[in-house]
Ligand SMILES: Cc1cc2nc3c(=O)[nH]c(=O)nc-3n(C[C@H](O)[C@H](O)[C@H](O)COP(=O)(O)OP(=O)(O)OC[C@H]3O[C@@H](n4cnc5c(N)ncnc54)[C@H](O)[C@@H]3O)c2cc1C
């Protein structure tokens, strides 16, 4: 879902300080500079790209965070403009889900389809706090907790109990205010909203995901770039300032200038994630022509899922697999998952990446906090804007399209 930045931006002031050189800062910098703004970029580390890290090793690329970008019609012209060399995912890959004790099978699929057809005309609980409650009338308690939790675990890194329906559906739209709606009406409405913007495919880039932020950087005419620069906010800035950091870093920056906003930002919760990349001597047979497998939180796997990068992008000979697990799980337990999957292959290389602030938890509390942040910031006229994934869209596509929409609105 696209999101709106929170705060103030004065379009008559042509100079902008962007704090943070992740995909949020870089994509916004690109679009603003195209609009004629003079952009200064500040990054506290010694590299650009933030959480997107594609480490090149003799065995292949290790993606330490994002592995894929979901391409749609809106994003396509932007990538063309950037002149990026894309690699496309193999089409018709299997998406496997391991529920409590077994993989989702034909019998369960039929049961799910029947429940879906029986539930489609039921009314949506629009006040549902989480996706589990939201989908229960449609597909029943078992599937809404097991299946939705498992799938979301692979996307958001958390259970469906911790994801607000607002992440997926525009529940504040007039469409819902008019009268109670059924799932059937919702799906039809969503289809109309997204017609012509359909998801086409998953992609990556020849040099890995890092090509994306690097290209935004390369194609932007920055007024100045400051690496190793821990930005400090001043009380009165004559420029626009956009904070493209995570919520906790933005809270720190705003501490003295706007304590109440800083306090709200500080309450944002993050899910810690680890990714463990294995390069193997042989492919894992159960993951052949498969996107990977997601594991239910109630299964006896410890990880959230495994992504078969070499199968997705047809990287013959690489046999690379990414196990994604919540940050509290030890590397020994991830190894146990791996061994259960692939006892016969030799591990050629193993890389572990840990993220303490991987993904913001977008539950109903976070959306309530966002409403309060908007109210709070309306009382200030400080030319400070917040722009990053904790505002509503965590994926790279959401961030880039939100950046474009914001700059186009100026
Ligand atoms: C394990 C994992 C897997 C993921 N998989 C996918 C995927 O497959 N597809 C997808 O679309 N998305 C995925 N995501 C999500 C996506 O990668 C992130 O949402 C996105 O990269 C966040 O970008 P950002 O620019 O908002 O934040 P960041 O990348 O965190 O950038 C913020 C930058 O601000 C800098 N900074 C902070 N404070 C200051 C300061 N005071 N002064 C200067 N600089 C400062 C930081 O150093 C950092 O570089 C994944 C994320 C993780 C962690």
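The values are calculated or read from the model by the stated rules, or taken from the named source; none is laboratory data. In this text, all values refer to a predicted model and were calculated from it rather than measured experimentally. Counting neighbours? That spans all protein chains shown, and the Cβs are built from the backbone with ideal geometry, glycine included.
Structure summary
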{"read-out": "Meets criteria (in contact with a helix residue (DSSP H, G or I) (Cβ under 7 Å, 6 or more places away or on another chain) and either modelled with pLDDT of 95 or more or closer than 30 Å to residue 204 by Cβ (or both)) for residue 128", "value": "no"}
{"read-out": "Conditions (1) assigned to a helix (DSSP H, G or I); (2) under 24 Å from the mean Cα position of the chain (by Cα); (3) closer than 13 Å to residue 225 by Cβ: number failed by residue 33", "value": "(2)"}
{"read-out": "Filter pass, residue 77 being without any contact (Cβ under 8 Å) to a residue 24 or more places away in the chain and in contact with a helix residue (DSSP H, G or I) (Cβ under 8 Å, 6 or more places away or on another chain)", "value": "no"}
{"read-out": "Residues satisfying the stated conditions in segment 253-264, i.e. farther than 23 Å from residue 161 by Cβ, in contact with a helix residue (DSSP H, G or I) (Cβ under 7 Å, 6 or more places away or on another chain) and away from the ligand (no atom under 12 Å from the Cβ)", "value": "260, 261, 262"}
{"read-out": "Test: residue 404 is outside any loop (DSSP other than H, G, I, E, B), more than 16 Å from residue 265 (Cα to Cα), within 16 Å of the ligand (Cβ to nearest atom) and out of contact with any strand residue (DSSP E or B) (no Cβ under 9 Å at 6 or more places or on another chain)", "value": "yes"}
{"read-out": "Whichever residue in segment 240-252 is part of a helix (DSSP H, G or I) and buried (at least 23 other Cβ atoms within 10 Å of the Cβ) and, among such residues, is nearest to the ligand (Cβ to nearest atom)", "value": "250"}
{"read-out": "Test: residue in segment 27-40 that is touching a residue at least 60 places away in the same chain (Cβ under 8 Å), closer than 25 Å to residue 309 by Cβ and in the same structural domain as residue 12 (by TED's automatic domain parsing)", "value": "yes"}
{"read-out": "Filtered residues of segment 222-239 (kept if part of a loop (DSSP other than H, G, I, E, B) and either within 17 Å of residue 39 (Cα to Cα) or within 11 Å of the ligand (Cβ to nearest atom) (or both))", "value": "222, 223, 227, 228, 229, 230, 231, 232, 233, 237, 238, 239"}
{"read-out": "Extreme residue, nearest to the ligand (Cβ to nearest atom), among residues of segment 1-30 that are part of a loop (DSSP other than H, G, I, E, B) and over 22 Å from the mean Cα position of the chain (by Cα)", "value": "9"}
{"read-out": "Residues located in segment 177-221, provided they are part of a helix (DSSP H, G or I), within 22 Å of the chain's Cα centre (by Cα) and modelled with pLDDT under 95", "value": "190, 191, 193"}
